[in-house]
Amino acid sequence: MFDFKEIEAFVWIVRLGSFRLAAQHLHLTQPSVSDRINRLESSLGETLLERSRRPVKPTAKGRQFLRHAEAMLDARQNALSMMNLDTPFQGTLRLGVVESIAHSWLPGFLAELATRFPDLTLELQVDSSPGLAAMMRAGSIDLAFLMGPVDAENVLNRYLCQYRMGLVASPDLNFTSSDFSLHRLGHIPLISFARDSRPYRELGSLLHQQGLDDVKLHCSSSLWTIVRMTLDGLGIGAIPPRIVAAELARGDLISLPCQLPALMFTASWPNHLDAILAEGISGLAIEIASQDQHQHASMA
């Protein structure tokens, strides 16, 4: 019979699309994750994953099993949470967060953090992902929610969530989702994250691939500035639509087709941080982020 470790490995491979990323998230070696999947498939008598595909995808039977697997993991987490209402966490946690999270599910996370860990004092730092990674290496923050993973020998990474990248625009620019393409931009610029960010580089690469090197690409380290410029019709914002869910719902912005990769966020911390504290905080963040993604499923 299979156990929770095997189920957990299966769920995270499906979520991340990779045995390697699932192994990193679970702090295991890739062969260990493969062994768990082999045991699970042997127990069920079914092939659950299409290993030849990139990213790895579940088979038809795997998709059926995924619903039950996630339900079992949720039930286990709920049971464990009920048995661990008292927390030993005290002192100060220096937490770094990127704006994309600060403008989406961070308020819900902070409210639940105060409820579950009332003796914990929080020092919050909002910055770009490269900035937070540098702060972590310098020892000025304890844990960060950022576009990861952080590629450093002494840093542990745990997958949090991912959000679809999109293009959003003011209706005043007279674009529609049905006939929009980057080749129709003309003199209208794109506005995205800071120059040293992954989304900026990926957007620049996409423009180059399509022969659109003449398109202006504005950038800002402030997400709020990007949103404000987009609302004012100064360009088309290249950001996750989740960030402007309210503006899209009101019709202040419209969503346009986009071919950019999704943004993956991780909880990252130095390996000297107390493991129970790190897992407790990151586990809560995963829970809140998952709730947010279910609530805004069309934008995840």
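Would you mind counting up the charge near MET136? Only other residues with Cβ under 10 Å from its Cβ, with Lys and Arg at +1 and Asp and Glu at -1.
Summing Lys/Arg as +1 and Asp/Glu as -1 gives +1.
Tell me which residues come under 5 Å, amide H to amide H, from GLY96 once H is placed; ignore anything under 5 positions away on its chain.
GLN125, ASP142, LEU143, ALA144, PHE145
Can you pull the accessible area of CYS219 for me, 1.4 Å probe, Å² to the nearest 10?
Per-residue accessible area (CYS219): approximately 50 Å².
Would you mind counting up the charge near PRO171? Only other residues with Cβ under 14 Å from its Cβ, with Lys and Arg at +1 and Asp and Glu at -1.
-3
Compute, for LEU28, the solvent-accessible surface of its heavy atoms (probe 1.4 Å) with the complete set of protein chains present, and express it in square angstrom to the nearest 10.
Only protein atoms counted, so the area is about 60 Å².
Using a Gaussian network model of the chain whose springs link C-alpha atoms within less than 10 Å, name the residue from GLY139, GLY283, GLY91 with the highest mean-square fluctuation.
Maximum fluctuation in the GNM of the chain, among the listed residues, is at GLY91.
Is the stretch 1-73 rounded, prolate or oblate when judged by the Cα gyration tensor, a ≥ b ≥ c being the square roots of its eigenvalues, rounded requiring a/c under 1.5 and prolate requiring a/b larger than b/c?
Rounded, since a/c falls under 1.5.
What shape does the stretch 97-151 have by the C-alpha gyration tensor, where a ≥ b ≥ c are the square roots of the eigenvalues, rounded means a/c under 1.5, and otherwise prolate means a/b greater than b/c and oblate the rest? It would help to have the intermediate numbers written out before the result.
Details: a/c = 2.50, a/b = 1.49, b/c = 1.68.
Oblate shape, in that a/c is at least 1.5 and b/c is the bigger or equal ratio.
Rounded, prolate or oblate: pick one for the stretch 129-265, where a ≥ b ≥ c are the square roots of the eigenvalues of its C-alpha gyration tensor, a/c under 1.5 means rounded, and failing that, prolate if a/b is larger than b/c, else oblate.
Prolate, since a/c reaches 1.5 and a/b exceeds b/c.
Arrange the peptides 9-21, 49-61, 146-158 so that the one whose residues have, on average, the most other Cβ atoms within 10 Å appears first.
Taking the mean over residues of other Cβ atoms within 10 Å, the ranking is 9-21, 146-158, 49-61.
Can you show me the helix-derived [θ] at 222 nm for the chain, built from DSSP H runs with n ≥ 4 at -39,500 (n - 2.57) apiece and divided by the number of residues, rounded to the nearest 500.
Counting only the DSSP helices, I get -13500 deg cm²/dmol.
Where does helix 106-116 land angle-wise versus the long Cα axis of the chain, in degrees 0 to 90, nearest 10?
Computed tilt is about 30 degrees.
Please compute the net charge surrounding LEU263, taking Lys and Arg as +1 and Asp and Glu as -1 over other residues with Cβ under 13 Å from its Cβ.
Residues close to LEU263 contribute a combined charge of +2.
Cross-link partners among aspartates and glutamates for LYS57, C-alpha distance below 16 Å, same-chain residues fewer than 8 apart left out?
Of all the aspartates and glutamates, those that pass the test against LYS57 - Cα under 16 Å, at least 8 places apart if same chain - are GLU8, GLU41, GLU46, GLU70.
Given that just one value was derived from the coordinates, which of [x] 62, 39, 39; [y] 59, 43, 34; [z] 61, 48, 37 is Cα extents along the principal axes in Å?
It is the one labelled [z].
Quantify, in whole percent, the carbon and sulfur part of the accessible surface of the chain (1.4 Å probe; protein heavy atoms only). Present the calculation step by step, with values, prior to reporting the outcome.
Numbers: 7530 of 14950 Å².
That fraction is 50 percent.
The values are calculated or read from the model by the stated rules, or taken from the named source; none is laboratory data. Just so you know, these numbers come straight off a predicted model, no measurement behind them. With ideal geometry, Cβ positions are generated from the backbone for all residues, glycine too; neighbour counts draw on all protein chains shown. Only protein heavy atoms, including side chains, enter the accessible area calculation; ligands, DNA and RNA are left aside. Shrake-Rupley method; radii C 1.70, N 1.55, O 1.52, S 1.80 Å.
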